[in-house]
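This report concerns only the one structure given below.
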Amino acid sequence: MKLFRFALWAGFLISLASPVATATPDIPVQAKVISQFAPGGKTQFGPLEFLGGIEFSSSDDRMQSLSSIRFRPDVEHFISVLDTGNWLTGRIQRDAKGRLSGLTDVIVNPMLIRGGRVGTKYTTDAEGLALRDGQVLVSFEQLHRVDAYPDPGFETSAPLRTLDLPIPRNEFRMNAGMETVAVSPKSGPLKGSPIVVTEHSLDDNGDLFAAILEGPLKGVFKVKRHDPFDATDGAFLPNGDFLLLERRFSVLGGLGMRLRRIKGEDIRPGALVDGEMLLEADMSYAIDNMEGIDVIAGTDGKPHVILISDDNGNHFLQRNVMLEFRLNN
């Protein structure tokens, strides 16, 4: 994310100097249930239905700066990358009614770069995360790249390789590069290819650079930018449509988030894609600095959308929240 946009927030720059620590099992996590998302208790937002959420924190200061999240097939265990250069793994807890209630089994590991070395902020500013057979893909900004780590074993391994990027290197903006990496479903229009979307790397028309990284459709496309929103993460639905999470921030307007649905068949080299807005929220809603999204299979047979926020290590002014919605159509 663009650090300068949050420089006015007290204490934010402290997170840039946080030391990297070795892994510690079972980091203690405190969670508080979020039962209301919108003013007045509204739960239905077009096709999205709010199911519940949690606000979580820890006495361990490594629990901060969550950039992206992906769930395992059991839809309980998850992997997250932190822009402090760490992996965070854990498991969600649910109450008797199936609503989010907490996090457990939380472990933090330092992220390794080539040569098996612990990286610096510049080399391990991790922003996007995706899972595919045998690999964990991570997109980095500042030193712009997408690295593939072995799965299992990513927590203690150097990357296997760096993926080729169709986007010209000179088009990446500092602290505004590939905020999103997502792997499309094999049965969808992109046949399992990964894509990236940049946060604020704009073309001459003010639209976001994006790319399909592999396969016969490999190439650059663009995502229509609607000022003042920038991309923070994305995830594919089972049918191949793409959900794009976006954020805005200003001193006067505060934080806001938006969720767009882009049709999978529209994503092609040379295309400019846009999509239906599913949800928009400001600080009167139970949001914070929304950075991560994933789609999981609900026990009700419908896709569930999980959103997470990044507190930037600023525990006084920001929160870590996880929200869950059901996508009804």
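Before moving on, here are some points about what is shown:
- Three-way shape label, segment 149-252, alpha-carbon gyration tensor, a/c 1.5: prolate
- Each residue of segment 27-43 was assigned a 3J(HN,Hα) from its phi angle through the Karplus expression (A = 6.51, B = -1.76, C = 1.60, θ = phi - 60°), giving 4, x, 10, 9, 10, 10, 5, 9, 9, 10, 9, 10, x, x, x, 4, 10 Hz with x at Gly and Pro.
- Overall form of segment 249-305 per C-alpha gyration tensor (a/c, 1.5; a/b vs b/c): oblate
- Members of LYS42/LYS222; LYS186/LYS218; LYS32/LYS97; LYS222/LYS302 lying beyond 26 Å, as alpha-carbon distances in this model show: LYS42/LYS222; LYS222/LYS302
- Residue order, fewest to most surrounding Cβ atoms within 10 angstrom, among VAL118, VAL183, VAL136: VAL118, VAL183, VAL136
- Each of LYS97, LYS121, LYS302 was scored by other Cβ atoms within 10 Å of its Cβ. Listed from fewest to most, they are LYS97, LYS302, LYS121.
- Rounded to the nearest 20, the size of the Cβ-charge dipole of segment 184-239 about its Cα centre is 400 debye, with Lys and Arg at +1 and Asp and Glu at -1.
- Only alpha carbons enter this Debye calculation for segment 41-91, each as an equal point scatterer, and the log10 of I(q)/I(0) it gives at q = 0.14, 0.20, 0.32 Å⁻¹ is -0.52, -0.85, -1.20.
- Dipole in debye (nearest 20) - the chain, about Cα centre, beta carbon charges: Lys, Arg +1; Asp, Glu -1: 260
- MET283 paired with ASP204, simple spin-label distance in nm, labels 7 Å along Cα-to-beta-carbon: 3.9
- Cα gyration tensor shape of segment 3-327, rounded if a/c is under 1.5, else prolate or oblate by comparing a/b with b/c: rounded
- Neighbour counting of Cβ atoms within 10 Å sorts the residues MET322, MET277, fewest neighbours leading, into MET277, MET322.
- Stretching the chain fully between ASN328 and ARG99 yields a gain of 80.7 nm (0.36 nm per residue, less the alpha carbon separation).
- Selected from MET257, MET178, PHE221, residue furthest toward positive end of dipole (the chain; charges at beta carbon): PHE221
- When the Cα positions of VAL321, LEU163, THR198 are compared along the charge dipole of the chain, LEU163 comes out farthest toward the positive end, with charges on each C-beta of Lys, Arg, Asp and Glu.
None of the figures in this text is laboratory data; all of them are computed from the coordinates on show. Bear in mind the structure is a predicted one, so any value in this text is a computation, not a measurement. Methodologically, a virtual Cβ is constructed for each residue, glycine included, from the backbone with ideal geometry; neighbour enumeration extends over all protein chains shown.
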